[in-house]
Amino acid sequence: MVHFRTDIAAVNESAVPNGENYAKELETDVLIVGAGFGGIYLMHKLRQLGLNCKIMEAGTNIGGIWHWNCYPGARVDSQIPVYEYSLPEVWKDWTWSCRYPGTDELRAYFEHVDKKLDIKKDCAFNTRVVGAHFDKPSGRWITKTEDGRTAKSKYLLLALGFAAKRHFPDWPGMESFEGELHHSSFWPNEGVDTKGKRVAVIGTGSTGVQIAQETSKDAASVLQFVRTPNLCLPMQQQAITVEEQERRKQGEYQKFFEYRLNTFAGFGYDYVEKNTLEDSPEEREKFYEKRFEAGGFEFWLANYKDLLFDNKANREAYNFWAKKTRARITDPAKREILAPLEPPHAFGTKRPSLEQNYYEMLDKPENKVIDVSNNPIEKIVPKGIVTSDGKLHECDVIALATGFDSVTGGMKNMGLKDVDGVELSEKWKAGTFSYLGMTLNGYPNCFFLYGAQGPTAFSNGPTCVEVQGDWIVDAIKKMRDEGITYCEATHEAEKQWREKVTELSDKTLFGQTKSWYMGDNIPGKFREQLSFPGGFPLYKQLTRNALDRGFEGFVTA
């Protein structure tokens, strides 16, 4: 058996012991943890203020999730140019090959970003942070790495992304499997030979859908284990010419990047100002058809404005989705599992995946769809997977598309301590508290983005990163300009922000559904809305108010 990786540092070599980035005792103005979209953006903007910045990154290169994501079929689900930086110096001479790029192209994009912004020269790779606390006497953050190095910084910025901590089920026997078993985010860079093999895919999030769809091309068979079907939407992938992109850059790109900031989720489209039942059945059908034809998330995020607020409205959307999807599946048993007539949950309250031919691939006679909603996986044995009915499902490759301890998991598991020495994991055990989804009581001069109680899970990632990144940079500039050396959110402000997040969520259908949005995918995790569900315009207004009113909700000194 090929040993499967379970930990971000499990096979990392020690960091290179030379160069100032790897100093035993590093001193810097700003320490950023994470070299994905967020960490890179923060470094670029803070350098422009003249601050000395360093990034610590557990991986071996920049790119964040795209450094790790190399599983079969890995592809972004946000159409270009929304899934890239709005920085003209980056986009003006970069072009994509298609609407939804895959891993190789995204990695090439980050190399282009580095060429333009010169990020890597200030990065320490193979560097895993295992502890950080604020030292009051010196007014510095002291951050420790797994291999015993220390960094001291005035500001600590956390850019971990919302999928920093992998989730591994506790099934017995995983080490006994005689084939290859990998978590999707630890897929070997060199790939896994699936040609002529029996591939088992556990999980139906975007990753599980992509792996099943891609490996079906050459595998002997694919077994898709389904607890809850993914209500997938058609990607409508298309090639895009260089000429078309160059034409759009002449004025259109800048307007596009400005417009997305005024949409609910930071995409290039938004909900229409009309309720579902205001249209006749014929008008609705026409409207839904148009959204489906456009592809991507338009059926989700450019639908009627009451889609995520009203059960009757939501059911209309689901009925249309089911009709379109069921027509693509000829096997009646598979059809009932993958696109049942009765919705498994309100449409859009779990993130839909974008697919290209997922349903046709699983419909192939050699592939199997195994319903584990009432017949769960019990154990892994040398030859395959055993469900609770005692049946052995033989396979050669197992893909664990079991997701992440999303949104809060990364920050809770990196040894962060407040000014009183209490770990964040302890503080958040019975619920998440932050202020503005970017700051924490007890963590002065510490900011984070694309994490808890920000727009995170309900947003386009780069949009979120830029909105929050600009706020953090402006906050640090304001501190410098006004001679503020200490800035800490109050617990009262945290409580009010949590109440706002809960109040907004309670008006929606999200709470009705068990999902990672609510923390339901991790056994024992406190159930709550983990992201800000009020949309970008409201989020920008609330966060800017706090800054414009002189650090409202903060204690400063």
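The values are calculated or read from the model by the stated rules, or taken from the named source; none is laboratory data. All of these numbers come straight from a predicted model, not from anything done at the bench. Because the Cβ atoms are built from the backbone with ideal geometry, glycine has one as well, and the counts that use them run over all protein chains shown.
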Sort out which residues of the range 288-315 are of a type in the set (Phe, Trp, Tyr), assigned to a loop (DSSP other than H, G, I, E, B) and closer than 18 Å to PRO343 by Cβ, and write them in order of number. PHE309
Restricting attention to the range 491-513, which residues are surrounded by 15 or more Cβ atoms within 10 Å (Cβ to Cβ) and assigned to a loop (DSSP other than H, G, I, E, B)? THR508, LEU509, THR513
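Could you tell me how many of the residues in the range 283-297 are of a type outside the set (Phe, Trp, Tyr) and in contact (Cβ under 8 Å) with a residue 60 or more places away in the chain?
2
Could you tell me which of the residues GLU342, GLU366, GLU378, GLU285 is part of a strand (DSSP E or B) and not β-branched (Val, Ile, Thr)? Reasoning before the result, please.
Working: GLU342 fails: part of a strand (DSSP E or B); GLU366 fails: part of a strand (DSSP E or B); GLU285 fails: part of a strand (DSSP E or B).
The unique qualifying residue is GLU378.
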For residues that are in contact with a Ser or Thr (Cβ under 9 Å, 6 or more places away or on another chain) and of a type in the set (Val, Ile, Thr), scanning just the range 378-408, find the one that is surrounded by the fewest Cβ atoms within 10 Å (Cβ to Cβ). VAL381
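Does GLY50 satisfy the criteria of being surrounded by fewer than 16 Cβ atoms within 10 Å (Cβ to Cβ), modelled with pLDDT under 95 and over 24 Å from the mean Cα position of the chain (by Cα)? Please lay out each step first, then the result.
Values: surrounded by fewer than 16 Cβ atoms within 10 Å (Cβ to Cβ): yes; modelled with pLDDT under 95: no; over 24 Å from the mean Cα position of the chain (by Cα): yes.
Here the answer is no, as GLY50 does not meet what is asked.
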Scanning the range 392-450 residue by residue, those of a type in the set (D, E, K, R), in the same structural domain as ASP29 (by TED's automatic domain parsing) and not in a loop (DSSP other than H, G, I, E, B) turn out to be LYS412, LYS417, GLU423, GLU426, LYS427
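Only residues that are touching a residue at least 24 places away in the same chain (Cβ under 8 Å) and over 27 Å from the mean Cα position of the chain (by Cα): list them for the range 325-359, please. Steps first, answer last, please.
Pass one, the range 325-359, residues touching a residue at least 24 places away in the same chain (Cβ under 8 Å): 325, 328-331, 333-334, 337-340, 343-359.
Those that are touching a residue at least 24 places away in the same chain (Cβ under 8 Å) and over 27 Å from the mean Cα position of the chain (by Cα): ARG328, ILE329, THR330, ASP331, ALA333, LYS334, PRO340.
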Only one of GLY461, GLY410, GLY483 is out of contact with any Leu (no Cβ under 6 Å at 6 or more places or on another chain), touching a residue at least 12 places away in the same chain (Cβ under 8 Å) and not β-branched (Val, Ile, Thr); which? GLY461
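Every residue, every condition in (1) out of contact with any His (no Cβ under 8 Å at 6 or more places or on another chain); (2) at pLDDT 95 or above; (3) over 30 Å from MET174 (Cα atoms), yes or no:
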residue: ASP7; (1), (2), (3): yes, no, no
residue: VAL11; (1), (2), (3): yes, no, no
residue: GLU20; (1), (2), (3): yes, no, yes
residue: GLU27; (1), (2), (3): yes, yes, yes
residue: ILE32; (1), (2), (3): yes, yes, yes
residue: LYS45; (1), (2), (3): yes, yes, yes
residue: ASN61; (1), (2), (3): no, yes, no
residue: PRO81; (1), (2), (3): yes, yes, yes
residue: TRP94; (1), (2), (3): no, yes, yes
Regarding the range 460-468, can at least one residue be identified that is of a type in the set (A, V, I, L, M, F, W, C) and not in a helix (DSSP H, G or I)? no
